[in-house]
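Scroll down for the structure; my scribbles are underneath it.
Derivation of every value follows stated rules applied to the coordinates shown; laboratory data play no part. From a predicted model like this one, the values you see are computed outputs, not experimental measurements. Positions of Cβ are generated from backbone atoms using ideal geometry, with glycine treated the same way; all protein chains shown enter the neighbour counts.
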Amino acid sequence: MKKINLKKSLKIITLFLLFALLMGCGYAFAPQGEYVDKRIQKVYVEPFGNKTPQAEIENFVRTAFINHLIQNTRFKVVGSSAQADATIKGTILHYNANTLSYRPNKLAAEERISTTLEVVFRDKENDKVLWSSRGIRGTVEYDLEDNINLIPIARKNALIKLANDTAEKAVNLMLAGF
């Protein structure tokens, strides 16, 4: 009986120590922007520029950035630059759409869209760049319906997903300081 209790106790102690080690190492599931000066509380996301032929993509990306910053809770998103401690400015540099597969009737069945962003996070007080990247890439693949009337809806939904995925990636990189 004592050997069974000893083995069980050792397993429990080992699991407890492993749990304590993981919790004590400072690991977090998502970056929280700890490296950013604590006085920066309010952020304004400027309208994004668009150097591509794809209309409205800049609006989808800006909205996605705002949503991800709100979800993060490290910063308060404000409605104007005058209210902000820092600003985020971005530009969609490239947009590309490719057909991946076709139906027997030669209509597209599956497409891929990709984009590249430039984003700058800037401290307004001293005009210092806190973080920037010129090569944030995002890609999404999606199926097209047989009904050609539904294709614009599928493309718009894909653009929104692309904007959300790319904004999430960029905000995480920005908050992690990478």
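The table that follows gives values for the structure above.
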quantity	calculated
DSSP-defined beta bridges in region 2-176 - what % are antiparallel, rounded to 5	80
R0 of 41 Å, Cβ-Cβ distance residue 39-residue 98: FRET efficiency to nearest 0.05	0.35
Tilt relative to the chain, helix 2-24 - C-alpha long axis, 0 to 90 degrees, to 10	40
Acute angle (nearest 10 degrees) that the helix 57-72 long axis makes with the longest principal axis of the chain, alpha-carbon atoms	20
Choice from 79, 90, 49 showing the highest fluctuation, given a GNM over the chain with Cα pairs closer than 10 Å	79
Loop-exposed trypsin sites (Lys or Arg not before Pro) per DSSP, neighbour cap 13 Cβ within 10 angstrom, longest uninterrupted part of the chain	107-178
For the chain, built as a Gaussian network whose Cα springs stay under 10 Å, the top-fluctuating residue of 114, 101, 133	101
Under DSSP loop assignment and at most 12 Cβ neighbours within 10 Å, longest GluC sites (Glu not before Pro)-free interval of the chain	57-124
Proxy reagent accessibility, fewest Cβ within 10 Å first, across 70, 57	70, 57
Reported label for calculated semi-axes √(5λ) of the Cα gyration tensor in Å given (1) 34, 20, 13; (2) 26, 19, 14; (3) 40, 30, 12	(3)
Stretch gain in nm, segment residue 78-residue 125, where the contour uses 0.36 nm per residue and the Cα spacing is subtracted	15.3 nm
